[in-house]
Amino acid sequence: MSGGGRIERMPTGINGFDHVALGGLPANRSTLVSGTTGSGKTLFAIEFLARGIMRFNEPGVFVTFEETAGHIRRNSASLGFPIERWEDEGKWAFVDASMGIGEEEQAIGSYDLGALVARIQHAVRQTGARRIALDSLGAIFTRFTGVETIRHELIRIASILETLGVTSVLTAERPAEYDGVTRYGVEQFVLDNVIILRNVLRQGRRNRTVEIVKFRGAPHRSGEWLFTIDPQDGIVVVPLAFLMSSGRASSERVSSGNTELDEMCGGGFYRDAIVLMSGPTGTGKTLAGLRFIATAFEAGERSLFCTFDETREQLLRNADGWGLDIRSMQASGLLQVISDYPEVASPEDHFLQLRRTIEEFGPRRLVIDTLSALERVVTPRALLDFVIALGAVLRQNEITTLFTARPTGRLMATGTPTTAEIAGFTDVWVLLQYVERVGEIQRAITVLQTRGSAHDQGIREVTVDGTGMHIGERLRGVSQVLTGDISPAILWAPESEETDGPSE
Amino acid sequence: MTTYSFRLYVAGNTERSKAAEVNLRFLCDARLPGTYEVEVIDAAERPDLAEEGRILATPTVIRLAPTPQRRVIGDLSDHDRAAVALGLPVLEEPSSERQRR
């Protein structure tokens, strides 16, 4: 792991978060986790302790100012956190500082939070806690009238926590997205380490992001990272791919299902390759996808076919027409077909579903037909994140993958700028397109990039018939395959759609 | 004869802790002579009791009897307001302490 320096890290154990944080939260320090209502602050605090117990056997103390301890116990049970059992085992302790009925109190003269401090210290000593969460500071400001007193007392608590050798997460409310860090100026005393959780609607979709605003003296990744709250896995920070070193790279070749294409790629795809096949409707992408899995089936390998374009019935009917018996492949247990409308879930949820299926089913090959269907419902950035996140899972498991994509314009080869950006993360880009040649429209195929292997740079003719795709001769005299719509600028320029900035 | 019972939570032997106890006893001696009891709990020494009583702020006075319970936080330096907040009887001869407005 890079980073580190002299500031020790404490991994949170929260899915994906520690990659963004380059190892975890600064150890023995306080970190402020700030967000609007419903942004997942309390869950972050709960998971910080729960993952600590489950993954690192580190006890924790939960100080709750808002919800009652009973409420938190009940809500956490569905995530598989047996808090009550942990309490019995002395691994988890609550300091319930929520306001009970009949506990309204009037302030006369000066006071401090000495009893709270004593209770926290007591709980930390009793459990031997390494982690502590305080949720949420705003509630204590509404309970006590003396804002200055409370602010002073929280500063004192934060410094006491550091001397106790615990790593703490303090949550606080933000009045609105993109407007200061917290209400009540809580950040003044935990200014060193600040994380913001956001929950905004963009293009009609709920987008949750996490951003590490600062870690004093400790490197971290910048920017907003998408996350989702999964009913089983809790918080999952999605784009993991940049962060996981791919480690080994396979040198084994597998067939694409088309011998001529294998030839063009220098002898088939690498076992861990991610292949993007883009082309207009009618250029044979779905058929290529079906051939790709049929090859796996013949080799006795499992594959997963995921269609966002067609219903299961349409897919079966098309396969029948091409003489591919999908039904018996499915019946053999070697093929699983997922058919979903992209609109039914967010890309994060699609990602989680795919990841779960991959874990459970263990396919050697995956087809997603088509990514462009997802483009209908998400921002380009979210789609890219989806591909990156999925890519990490696929490479880790050495799953040979074929993504298909369709340009929006009928004759444009490369598709939208997003397609080009996605291509940047794949190993092979197979481009199908229509070209004009001596007064006639023909289909052409090009292999644009292949990681570390010699491949055919030519543009070749391709025909599609009932038996599949046939790659023919080199098309000479076609010079402008990439007419206009692909340039390095389009390939790499970020979308104008940005992830920050208020959507007013 | 009504018996008043108070529990005073403090944190450590600080000026503020001492002031709260002095003020509470002064009020009770004046208004409830011989009919009250005060139990002082130091949260620093007995955090378990502070936990049990769900106490955050110190000093905190809880009037345990008569019911209903009443909670007041602070060093009780404003005697009049403290007396009202704790539901203490009004002084019989309104002489030394100032008249209620």
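Taken over the range B:69-80, the residue count meeting the criterion of being facing chain A (nearest Cβ under 7 Å) and either out of contact with any helix residue (DSSP H, G or I) (no Cβ under 7 Å at 6 or more places or on another chain) or open to solvent by 40 Å² or more (accessible area, probe 1.4 Å) (or both) is 6. For the range A:369-386, the count of residues that are under 20 Å from A:Ala299 (Cα atoms) and either touching a His at 6+ places or on another chain (Cβ under 9 Å) or of a type outside the set (Val, Ile, Thr) (or both) is zero. Against the condition among the β-branched types (Val, Ile, Thr) and surrounded by fewer than 20 Cβ atoms within 10 Å (Cβ to Cβ), how does A:Thr286 come out, does it pass? Answer is no for this residue. Within the set A:Gly90, A:Gly52, A:Gly128, A:Gly80, the sole residue that is under 24 Å from A:Ile196 (Cα atoms), away from chain B (no Cβ under 14 Å) and not β-branched (Val, Ile, Thr) turns out to be A:Gly52.
Taking the range A:302-408 and the helices (runs of 4 or more DSSP H) fully enclosed by it, the elements with 1 or more residues that are at pLDDT below 85 and in the same structural domain as A:Leu432 (by TED's automatic domain parsing) are at A:347-361, A:371-375, A:380-396.
Of everything in the range A:96-120 that is within 38 Å of the chain's Cα centre (by Cα) and either facing chain B (nearest Cβ under 7 Å) or among the hydroxyl-bearing types (Ser, Thr, Tyr) (or both), the residue that is most open to solvent (accessible area, probe 1.4 Å) is A:Asp96. Quickly run through the range B:48-67 and pick out the residues that are facing another protein chain (nearest Cβ under 7 Å), part of a loop (DSSP other than H, G, I, E, B) and open to solvent by 50 Å² or more (accessible area, probe 1.4 Å). Scanning the range B:48-67 gives a single hit, B:Arg54. Within the range B:31-47, the set of residues being within 11 Å of another protein chain (Cβ to nearest Cβ), in contact with a strand residue (DSSP E or B) (Cβ under 7 Å, 6 or more places away or on another chain) and assigned to a loop (DSSP other than H, G, I, E, B) comprises B:Ala43 only. Within the range B:8-30, the set of residues being open to solvent by 70 Å² or more (accessible area, probe 1.4 Å) and more than 8 Å from chain A (Cβ to nearest Cβ) comprises B:Asn13, B:Glu15, B:Lys18, B:Val22, B:Arg25, B:Phe26, B:Asp29. Can you find even one residue in the range A:19-37 that is out of contact with any Pro (no Cβ under 9 Å at 6 or more places or on another chain), within 14 Å of chain B (Cβ to nearest Cβ) and open to solvent by less than 50 Å² (accessible area, probe 1.4 Å)? No, the conditions are met nowhere in the range A:19-37. Quick one: is A:Glu148 more than 10 Å from every other protein chain (Cβ to nearest Cβ), acidic (Asp, Glu) and open to solvent by 40 Å² or more (accessible area, probe 1.4 Å)? Judged against the criteria, A:Glu148 is a match.
The values are calculated or read from the model by the stated rules, or taken from the named source; none is laboratory data. Being a predicted model, the structure only gives us computed values, none of them experimental. Note that we place each Cβ from the backbone using ideal geometry, even for glycine, and neighbour counts take in every protein chain shown. Each accessible area value is taken on the protein alone, full model and side chains, heavy atoms only, with ligands, DNA and RNA left out. Shrake-Rupley method; radii C 1.70, N 1.55, O 1.52, S 1.80 Å.
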